[in-house]
Amino acid sequence: MNWDLATILVLLIFVSGLIWLYDKIFLAPRRAWLKANLSVTMSEAERLQANQMPFLVDLARSLFPVFLIVLVLRSFMVEPFRIPSGSMMPTLLIGDFILVNKFSYGIRLPVLNTKVFEIGKPQRGDVVVFRYPEDPSIPFIKRVVGLPGDHLEYHADTKMLYINNEQVTQTVLGRYQGIGQGSNMTGRQERIEALPGAEHTILVSMKRNPNEPDIKEWTIPDDQYVVLGDNRDNSKDSRYWGTVPEDNLIGQAFFIWMNWDFHNGGINWQRLGTTIE
């Protein structure tokens, strides 16, 4: 079993609910009986038992709704994540704290990750969080560039993407100026990549990565997606480990609510409250 936060929350809900139920069935009637039959012959311990709820029961009753609300919010509505690497620069920076829409691609049961209600499918250009196919305990974030049924090619020498034999247009903006922990990306070339219906910026290096294949091709099966990092030469994505199954999807990243980069003086106020495109 993967002991992620959802699993821990479910366990805490079960334990606190069990304590609450035990009190309801066994301890509460005993307290009510003692209170109704108070007499001068009762000991101080019995009087205390009649008038005071056990600490553990009181704690369980207080925390049960908190655990339940947190589980519902993060399982079915939004979940926060922190960006630990520069693979999605310049769209997302190291230290960004983001919110992920958990119902964009369907409602899933917590822990089991079984879809119970279909809502939508990923669209080309979506920034998605998913469970890394080679280790599902690790969440990854990349951009969807290929949909089921597509034929894709990525040419490492020109950094160009081809979708169904059509080249995706790129427009050079100039040299990128990195900040904070991303300052080592200064000098990379910044481009606008015009995915069909979804323009966004990418970073590319003029140097070839010797570990990257010259041309990578995919014919994407049903319920699979090809994802790439916006920082094309600093991202381990579908070029290295293949497609993302639909069952691995967690949700769509849509909002930056905080950025904390200790290499850049702490909070980057300009990034707070920005949407992810």
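Some observations on this one:
- Any hit, the stretch 149-161, residues being surrounded by 14 or more Cβ atoms within 10 Å (Cβ to Cβ) and at positive phi: yes
- Among the residues of the stretch 91-117, those that are among the charged types (D, E, K, R) and either at positive phi or at pLDDT below 90 (or both) comprise Arg108, Lys115.
Yes or no, residue by residue, for (1) closer than 12 Å to Ile250 by Cα; (2) surrounded by 20 or more Cβ atoms within 10 Å (Cβ to Cβ); (3) among the charged types (D, E, K, R); (4) touching a residue at least 12 places away in the same chain (Cβ under 8 Å):
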position	(1), (2), (3), (4)
Met77	yes, no, no, yes
Gly86	no, yes, no, yes
Leu93	no, yes, no, yes
Phe97	no, no, no, yes
Gly106	yes, no, no, yes
Pro110	yes, no, no, yes
Val116	no, no, no, no
Ile119	no, no, no, yes
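- Total residues in the stretch 179-218, condition in a strand (DSSP E or B), at pLDDT 90 or above and exposed (fewer than 12 other Cβ atoms within 10 Å of the Cβ): 1
- On inspection, Gln270 passes the criterion of being among the polar types (S, T, N, Q), farther than 30 Å from Asn211 by Cα and either surrounded by 20 or more Cβ atoms within 10 Å (Cβ to Cβ) or modelled with pLDDT under 95 (or both).
- Scanning the stretch 219-246 for residues that are assigned to a loop (DSSP other than H, G, I, E, B), among the polar types (S, T, N, Q) and within 20 Å of Ile276 (Cα to Cα) gives Asn234, Ser235.
- Taking the criterion of being hydrophobic (A, V, I, L, M, F, W, C) and in a strand (DSSP E or B), the residues of the stretch 66-122 that qualify are Val78, Phe81, Phe97, Ile98, Leu99, Val100, Ile107, Val116, Phe117.
- Pick from the stretch 146-199, criterion acidic (Asp, Glu) and closer than 18 Å to Glu217 by Cβ, ranking: nearest to the chain's Cα centre (by Cα): Asp150
The values are calculated or read from the model by the stated rules, or taken from the named source; none is laboratory data. Since this is a predicted model, take the numbers as computed values, not measurements. Cβ atoms come from the backbone with ideal geometry, glycine included; neighbour counts cover every protein chain shown.
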